[in-house]
1. Could you identify the single residue in VAL102, VAL29 that is touching a residue at least 40 places away in the same chain (Cβ under 8 Å) and under 19 Å from the mean Cα position of the chain (by Cα)?
2. In segment 335-358, what residues are outside any loop (DSSP other than H, G, I, E, B) and either of a type in the set (A, V, I, L, M, F, W, C) or out of contact with any His (no Cβ under 9 Å at 6 or more places or on another chain) (or both)?
3. Any idea which of ALA129, ALA138 is open to solvent by 40 Å² or more (accessible area, probe 1.4 Å) and farther than 25 Å from PRO188 by Cβ?
4. Examine segment 109-125 for a residue that is surrounded by fewer than 15 Cβ atoms within 10 Å (Cβ to Cβ), closer than 26 Å to ILE7 by Cα and not β-branched (Val, Ile, Thr), and state whether such a residue exists.
5. Report, ordered by the first and then the second residue, all pairs with beta carbons closer than 9 Å, sequence separation of six or more or different chains, a first member in segment 149-173 that is under 23 Å from PHE246 (Cα atoms) and open to solvent by 10 Å² or more (accessible area, probe 1.4 Å), and a second member that is assigned to a helix (DSSP H, G or I) and of a type outside the set (A, V, I, L, M, F, W, C).
6. Only residues that are part of a helix (DSSP H, G or I) and either touching a helix residue (DSSP H, G or I) at 6+ places or on another chain (Cβ under 9 Å) or touching a residue at least 40 places away in the same chain (Cβ under 8 Å) (or both): list them for segment 195-230, please.
7. Among the residues of segment 203-220, is any out of contact with any Leu (no Cβ under 6 Å at 6 or more places or on another chain) and more than 19 Å from VAL160 (Cβ to Cβ)?
8. Filter segment 35-53 down to the residues that are more than 17 Å from ASP325 (Cβ to Cβ) and either modelled with pLDDT of 95 or more or open to solvent by less than 50 Å² (accessible area, probe 1.4 Å) (or both) and list them by number.
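The values are calculated or read from the model by the stated rules, or taken from the named source; none is laboratory data. All figures in this text were calculated on a predicted structure; none of them were measured in a lab. Glycine also receives a Cβ, built like all others from the backbone with ideal geometry; neighbour counts cover every protein chain displayed. Note: accessible area is taken over every heavy atom of the protein model, side chains too, but ligands, DNA and RNA are not part of it. Shrake-Rupley method; radii C 1.70, N 1.55, O 1.52, S 1.80 Å.
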Amino acid sequence: MKRVLIIGGGTGATLLANTLDKRRFDVTVLSKSSAHVFQPAFLYLAFKNASADIVRDERRLLTRHVRFVEEAVTRIDLRAHTLTTGGGARYEYDAVVVATGVGTDPAQIPGLSEVNRRFGDYHSTIAQAQTVWANLNAFRGGTIVLGQSSPVIKCPPSPVEGILLVEELIRRRGLRERTRLVFISPYPRPYPAEPMNEIVEPILRSRGIEVMTFFDVDRIDPEARTIFSIEGDEIQYDLPIIIPPFVGADIAYEPTTALDANRFVVTDKQSLRIKGFDDAFAIGDATNLPTSKAGVGAHLEAKVVARLLGGAPAEFHGRTHCPVDLGKGLGTFVIGSYTAPVLKYPPNRLNHLMKMMMGRIYWLSLRGSLEPMFDWYFARTDPDKLRKAGEVARHA
C-alpha cells in the first residue's frame, strides 16, 4: 500500500485525502491546526457581519480511513522522502502532497502591521475580518481606502468585491454623501484581466468609487494617516482596508530550490509535481503556478493529483472559475485557463445566487460525493468552449 502524506488542512488537502482509494493508499494528513476554516466567508464577515458556519473540525471532515495528525510540519526532505514536525516526529512517504496554503506578511511594508492591527483585513484570520466590521460599524464619514498592497494576492476578485460591498453598506446606512471611497490597484486597471475589467470598471465608476491605478504600496505613515506608493503617489485615509502581502508556509525544504523568493513551491504547471521530483506534488495557494490562488483551483488540482497517484493520465490546464460578488445582488465569474484568456462573463442575479449556493454546499463538497455534478458544471463552462460559442454567436 502506497504511503501518501498530505500537508495542510484546507480545501485541496481534504478533498484529495477523501477521494484517494483506501484499498491502495495509506493516507495521512498533517496540519498545524484541526480547525478547517472556510476562508471565502471572511469577505462576508468583514462587510456584512455574517459569521455562520465558518469553521469545522478537520477530523470530522475526513473519511474514516484517513489518519489526521495535528502538528506543524517544519522540514521536508524531498530527496530522502521524509518530513519532520515541530514536535520532532519524522515521517517517511512514498508520495507527498504540499497543500499548505499561504500566510500574510504585513511586515514587508513599513506601517502596514500597525494599520492591519488597528483596522483589520479580510484575508488572514477571523479576528482580523471581525476588526474590519467593527471599524466599518463605527464609521461615520470620511475617506475609506481599500486595495491590495502587492501584486500577488489570494482570490484576485476579492479587492473589487470588498470595495463594492463597502459602498453598498455605506449607502444603506445613509453615509454615502459623507464618504469618499478610493480603490487602489498596483495594475494599470482596477481588474488585471482586461475582459473582466470591462465589466468591473464601469460598475466602480457608476457607484462613485475613485480608482488609483499603478499604486504599489511602498509604506504607510499611521500618524499622518497616509499611504505612499512606489510610483510617488499618496492618499490620506480615515479608514484603510489594506490587503497585506502573501507568502508561503514557513517550512524548510531540501533542496532549497523547491521554493521561490516568496516561499511558494516551484511547481510544474501541468503535472503539479514539485520541480525535479516525480513523487512530490503541490496544490492550491502553496504553489507558484501562473493562475489564481483560489479554492476552485485547489479543488481542480486535487482531482488531477488523485488521478496521477492512481496511475491515470491527467494534466492541470490552469482552469480558474472564481465567483465575484458585485454588490446589489449581482455576480459574475472569472473563467479562464492557460490557453483561454479570462472571459467577459456578463453579470446577473443568477451568478450571485450560484456564489451563495457554493458557500452553502462547501462542506459537503469536501467528501467528494458531489464530483459528478462539478464535472458536469465545469465541462459546461469550459472557457475554450464558451469563447468559441461567443465567437459563433457574434458572427451569426
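1. Details: VAL29 fails: under 19 Å from the mean Cα position of the chain (by Cα).
Among VAL102, VAL29, only VAL102 is touching a residue at least 40 places away in the same chain (Cβ under 8 Å) and under 19 Å from the mean Cα position of the chain (by Cα).
2. Answer for segment 335-358, where residues must be outside any loop (DSSP other than H, G, I, E, B) and either of a type in the set (A, V, I, L, M, F, W, C) or out of contact with any His (no Cβ under 9 Å at 6 or more places or on another chain) (or both): ILE335, ASN348, ARG349, LEU350, ASN351, HIS352, LEU353, MET354, LYS355, MET356, MET357, MET358.
3. Of ALA129, ALA138, the one residue that is open to solvent by 40 Å² or more (accessible area, probe 1.4 Å) and farther than 25 Å from PRO188 by Cβ is ALA138.
4. The answer is no; no qualifying residue exists.
5. Sorted first by the residue in segment 149-173, then by its partner, the pairs are SER150/GLN108; ILE153/PRO159; LYS154/GLN39; LYS154/ASP285; CYS155/GLN39; CYS155/PRO40; CYS155/GLU161; CYS155/GLY295.
6. Once the filter is applied, which keeps residues that are part of a helix (DSSP H, G or I) and either touching a helix residue (DSSP H, G or I) at 6+ places or on another chain (Cβ under 9 Å) or touching a residue at least 40 places away in the same chain (Cβ under 8 Å) (or both), segment 195-230 yields PRO195, MET196, GLU198, ILE199, VAL200, ILE203, LEU204.
7. yes
8. ALA35, HIS36, VAL37
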